[in-house]
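Enquirer: So that we are looking at the same thing, I have put the structure below in structure tokens.
Bear in mind that the values in this text are calculations on the coordinates, not laboratory data. What you are looking at is a predicted structure, and each value in this text was computed from that prediction instead of being measured. Counting neighbours? That spans all protein chains shown, and the Cβs are built from the backbone with ideal geometry, glycine included.
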Amino acid sequence: MTILESIRGPHDLKALNGAQLGELAGEIRQFLIEAVARTGGHLGPNLGVVELSIALHRTFDSPADRILWDTGHQSYVHKLLTGRQDFSKLRGKGGLSGYPSREESAHDVIENSHASTVLGWADGIAKAHQVRGRSDHVVAVIGDGALTGGMAWEALNNIAAARDRPLVIVVNDNERSYGPTIGGLADHLATLRTTDGYERFLSWGKEVLQQTPVIGQPLYESLHGAKKGFKDAFAPQGMFEDLGLKYVGPIDGHDIAAVESALHRAKRFHGPVLVHCLTEKGRGYPPALRDENDHFHTVGAMDPLTCAPLAPAGGPSWTSVFGDEIAAIGAERPDVVAITAAMLHPVGLTRFAEAFPGRVWDVGIAEQHAAVSAAGLATGGLHPVVAVYATFLNRAFDQLLMDVALHRCGVTFVLDRAGVTGPDGASHNGVWDMSVLQVVPGLRIAAPRDAGQLRAQLREAVDVDDAPTVIRFPKEPVGEPVPAVGRIGGMDVLHRAEDPDVLLVAVGVLAPVCLKAADLLAGAGLRCTVVDPRWVRPVDEELPPLAARHRLVAVAEDNSRAGGVGSAVGQALRDAGVDVPLRTFGIPEQFLAHGKRAEVLADIGLTPVEIAGRISAALAAKEAATRTEESGE
């Protein structure tokens with residue numbers, strides 16, 4: 001039995017000696033490389049926190065002591081040390097989540113995998129402990145990239161205000177989020193990494209000067225009184241201490257004994273303490289360290305030796321299509337600029353950044369700032385394209401509404417990973433954007449159905465200079481082109497029939513699903529018109545009169561049914577006095593479990609068979625009701 005196999009919980013760690021701990025760290029890295037290669041997942045971040053995770057669980061007593069992970073993609077080691085070593089279905093249906101999960105373990109606290117939230121959680125739990133008279137510890141682990149988020153600094157400001165409330169903040173400083181961490185905070189942490197530290201200097205000064213006759217003690221006291229100046233000169237951690245946080249570090253995050261020593265010092269302090277640990281993303285796996293972009297932040301299923309993917313690529317991604325087109329637009333339009341929030345490469349801006357380095361800004365994990373800065377850029381005569389994951393736009397809603405839309409700024413938001421993303425689970429699904437954004441005056445939303453439409457609609461979006469525009473697309477390979485057979489208003493007609501029964505409104509990538517549903521309905525004797533609205537907001541003015549020529553309207557979208565495109569179509573029909581029954585197909589009002597995208601869609605009924613079956617049943621029920629009414633029963 002390996003040492004790792006003998007670990008059933010954190011208590012098993014405390015009996016291990018130094019040599020055994022080093023062996024355990026090696027076993028964990030080998031396990032992660034092999035296990036994550038089979039399923040895909042977050043490899044680089046977890047390789048970087050092996051020793052840190054061991055030290056945390058040896059120092060604190062989870063779950064009584066609450067160990068909180070910001071973002072949570074670096075929690076695989078934590079899972080292993082808390083008794084969860086079956087990674088065979090990691091991120092798959094019925095398997096372990098790729099993030100902390102309360103359903104899995106009492107050791108998990110925060111399921112939300114959005115960055116920069118952990119310090120707010122820690123502040124609240126520490127306050128609760130204080131009110132209830134509990135002495136358990138609260139430990140928040142946050143990466144240097146997540147510290148670029150404004151929420152983190154709002155929390156720090158509140159944490160520091162109560163200097164008698166114990167709380168340990170561990171900064172996992174690997175100089176990266178997806179890519180290298182940027183901004184003033186990154187520069188500050190870099191300075192801390194490269195200094196020898198004030199404490200060592202002060203210790204030497206005390207020893208030497210106090211042994212100096214006559215002047216030694218007075219001189220030492222004078223120097224000690226001026227210690228902030230020395231700290232600024234020798235180890236500028238003053239930014240944290242000025243807030244009221246005791247600072248410990250920097251510590252080698254791969255030295256278990258050193259990390260444990262620092263954590264024990266922090267544990268004994270009766271107030272907020274920041275422990276600064278230096279780690280290496282991808283530690284122990286040469287291919288990850290050679291990858292300059294993201295150190296294997298996320299990998300698909302692959303051969304762990306060659307890193308070759310085990311599954312076929314399945315064609316170009318939506319992200320790559322966007323990346324190529326925005327670079328082409330940038331060459332034609334010098335006024336087009338780009339912004340992203342710590343995801344330059346994942347959202348497809350690499351080519352644009354290489355071609356136009358002075359026209360792209362990575363603002364860090366700061367979506368709110370990205371939106372407001374974009375408003376400023378637009379006011380200054382440029383057309384900014386803000387590229388983020390759909391789920392992360394949620395946190396910038398107020399800025400999009402009050403800064404971009406209210407001021408009629410021509411800003412294009414490109415939402416990658418829209419709809420069901422699958423393996424990353426509830427907080428990464430981008431299934432709320434078309435609902436939340438319905439209330440923004442003047443905003444237009446495009447949901448392209450194929451690569452050609454993405455290129456065309458992106459160009460249409462950047463031509464709008466007096467209102468915000470949104471382009472959304474999913475996390476999956478781009479499928480085959482879906483040709484139009486005609487156009488009505490601004491809508492593409494994908495399928496038409498004589499004397500049709502059903503108008504099927506296919507939103508974005510659900511176009512192929514709707515066309516297959518139309519074929520199934522045809523087999524049942526029901527004729528369909530299938531349209532792609534292209535711009536789903538505002539609802540095309542030609543849609544109500546078109547709907548009036550059908551017996552039933554159905555809308556299928558990869559978005560929440562609550563307040564989504566189906567709701568907007570229903571409102572447009574009512575406003576136009578069109579009294580045609582409406583059926584909507586979309587995401588139910590629930591947080592979806594992780595699994596493959598196709599599995600999740602099948603579970604919630606977004607399949608051709610389910611859509612066709614429910615439409616057929618609705619028409620049958622309508623006919624039965626009509627017959628009953630006509631017979632007078």
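Enquirer: Ignoring everything except DSSP H segments at least 4 long, calculate the 222 nm mean residue ellipticity for the chain; use -39,500 (n - 2.57) per segment, divide by total residues, nearest 500. It would help to have the intermediate numbers written out before the result.
Expert: Details: 24 runs with 247 residues, N = 633.
Mean residue ellipticity, 222 nm, calculated: -11500 deg cm²/dmol.
Enquirer: Along segment 379-385, what does the Karplus equation 6.51 cos²θ - 1.76 cosθ + 1.60 (θ = phi - 60°) give for ³J(HN,Hα), rounded to whole Hz, x for Gly and Pro?
Expert: 5, x, x, 10, 10, x, 10
Enquirer: So what J values fall out for segment 48-53 if you push phi through Karplus, 6.51 cos²θ - 1.76 cosθ + 1.60 with θ = phi - 60°, rounded to Hz, Gly and Pro as x?
Expert: Couplings: x, 10, 4, 5, 4, 5 Hz.
Enquirer: Shifting gears a bit: Pull up all non-local amide H partners of R583: gap of 5 or more, or a different chain, and H-to-H distance under 5 Å with H placed in the peptide plane.
Expert: Sorted by chain and number, the residues that satisfy this are V553, A554, V555.
Enquirer: Give me the distance between the Cα centres of segment 5-55 and segment 410-471, rounded to whole Å.
Expert: About 40 Å separates the Cα centre of segment 5-55 from the one of segment 410-471.
Enquirer: Let me ask something additional. Would you mind giving the three semi-axes, in whole Å and largest first, of the ellipsoid equivalent to segment 57-144 according to its Cα gyration tensor?
Expert: They are 24, 14, 11 Å, listed from largest to smallest.
Enquirer: Moving on. Computed FRET efficiency, Cβ-Cβ of D575 and E354, R0 56 Å: what is it to the nearest 0.05?
Expert: Numbers: r = 48 Å, r/R0 = 0.85.
Using R0 = 56 Å, I get an efficiency of 0.75.
Enquirer: Once both labels are modelled 7 Å past Cα along the beta-carbon direction, what's the A15-E610 spacing in nm?
Expert: Spacing of the two 7 Å Cα→Cβ label points: 4.9 nm.
Enquirer: Next up: Mean projection of the alpha-carbon convex hull of segment 318-472 over all orientations, in nm²? Each step should come with its number before you reach the end.
Expert: On the way: hull surface 31.7 nm².
Reported value for the Cα convex hull: 7.9 nm².
Enquirer: Normalised by the number of residues in segment 277-350, what is the relative contact order in percent for Cα pairs under 8 Å and 6+ residues apart?
Expert: Working: 41 pairs, mean separation 14.2, N = 74.
Taking the mean separation of contacting Cα pairs over the length of segment 277-350, I get 19 percent.
Enquirer: Arranged by the count of other C-beta atoms within 10 angstrom, fewest first, what order do K281, K475, K14 take?
Expert: Numbers: K281 25, K475 22, K14 10.
Result, fewest neighbours first: K14, K475, K281.
Enquirer: Please list, or write none, the aspartates and glutamates whose alpha carbon is within less than 16 Å of the alpha carbon of K89, excluding same-chain residues fewer than 8 places away.
Expert: Here the aspartates and glutamates satisfying the reach criterion relative to K89 are E34, E103, E104, D424, E599.
Enquirer: Of F392, F473, how do they rank once you tally other Cβ atoms within 10 Å and put the fewest first? Could the numbers behind the result be given before it?
Expert: Working: F392 22, F473 32.
The most exposed by this proxy come first: F392, F473.
Enquirer: Still on this structure: In what order do D173, D499, D450 fall by count of nearby beta-carbon atoms within 10 Å, going from fewest to most?
Expert: In order of increasing Cβ crowding within 10 Å: D499, D450, D173.
Enquirer: Which percent, to the nearest 5, of DSSP beta bridges fully inside segment 486-631 are antiparallel? Write out the running numbers ahead of the final one.
Expert: Values: 6 of 20 bridges.
Once the DSSP bridges in segment 486-631 are tallied, antiparallel ones form about 30 percent.
Enquirer: Any chance you could list the semi-axes, whole Å, largest first, of the equivalent ellipsoid that the Cα gyration tensor gives for segment 486-631, using √(5λ)? Spell out each step's value before the answer.
Expert: Values: eigenvalues 103, 71, 49 Å².
Those come to 23, 19, 16 Å.
Enquirer: Restricting the count to DSSP beta bridges whose residues both fall in segment 318-472, what percent are antiparallel, rounded to a multiple of 5?
Expert: On the way: 1 of 22 bridges.
Counting DSSP beta bridges with both partners in segment 318-472, the antiparallel share is about 5 percent.
Enquirer: Something else now. 5 Å is the cut-off here: which amide hydrogens, built 1.01 Å from N in the peptide plane, fall below it relative to R537, excluding neighbours closer than 5 in sequence?
Expert: I445
Enquirer: Can you tell me what share of the DSSP beta bridges in the chain is antiparallel? A percent to the nearest 5 is fine.
Expert: On the way: 13 of 69 bridges.
Among the beta bridges of the chain, antiparallel pairing accounts for roughly 20 percent.
Enquirer: I need the phi-derived Karplus couplings for segment 96-102: 6.51 cos²θ - 1.76 cosθ + 1.60, θ = phi - 60°, integer Hz, Gly and Pro marked x.
Expert: 5, 5, x, 9, x, 9, 5
Enquirer: Separate question: Expected output is a single nm value to one decimal: the length gained when fully extending between Q85 and Q130, i.e. 0.36 nm times separation in residues minus the C-alpha distance. What is it? List each step's numbers first, then the result.
Expert: Numbers: separation 45, 0.36 × 45 = 16.20 nm, distance 3.46 nm.
That pair, Q85 and Q130, stretches by 12.7 nm at full extension.
Enquirer: Here's another thing I want to ask about it. Taking the C-alpha atoms of the chain, how large are the radius of gyration and the largest Cα-Cα span, Dmax, in Å?
Expert: Cα-based Rg and Dmax for the chain come out at 28.1, 115 Å.
Enquirer: Something else about it: In percent, what relative contact order does segment 318-472 have, based on Cα pairs under 8 Å that are 6 or more apart in sequence? Please report the intermediate quantities before stating the final value.
Expert: Numbers: 292 pairs, mean separation 35.5, N = 155.
About 23 percent, as a whole number.
Enquirer: Taking amide H atoms as placed 1.01 Å from N in the peptide plane, list the residues 5 or more away in sequence, or in a different chain, whose amide H sits under 5 Å from that of I339.
Expert: W361, V385, V386, A387
Enquirer: Taking only C-alpha pairs under 8 Å that are 6+ residues apart, what is the relative contact order of segment 486-631 in percent? The partial results should precede the final answer.
Expert: Details: 235 pairs, mean separation 35.5, N = 146.
Once normalised by length, the contact order is 24 percent.
Enquirer: Which value, to two decimals, describes the C-alpha radius of gyration of segment 450-533 once divided by 2.2 N^0.38 Å? Could the numbers behind the result be given before it?
Expert: Numbers: Rg = 14.5 Å, N = 84, 2.2 N^0.38 = 11.8 Å.
Cα Rg divided by the expected 2.2 N^0.38 Å: 1.22.
Enquirer: So, how do all the Cα-to-Cα distances of segment 369-408 break down into 5 Å bins, in percent, from 0 on up?
Expert: Percent of Cα pairs in each bin: 6, 26, 34, 23, 9, 2.
Enquirer: Once both labels are modelled 7 Å past Cα along the beta-carbon direction, what's the E542-D335 spacing in nm?
Expert: Result for the modelled spin labels: 2.9 nm.
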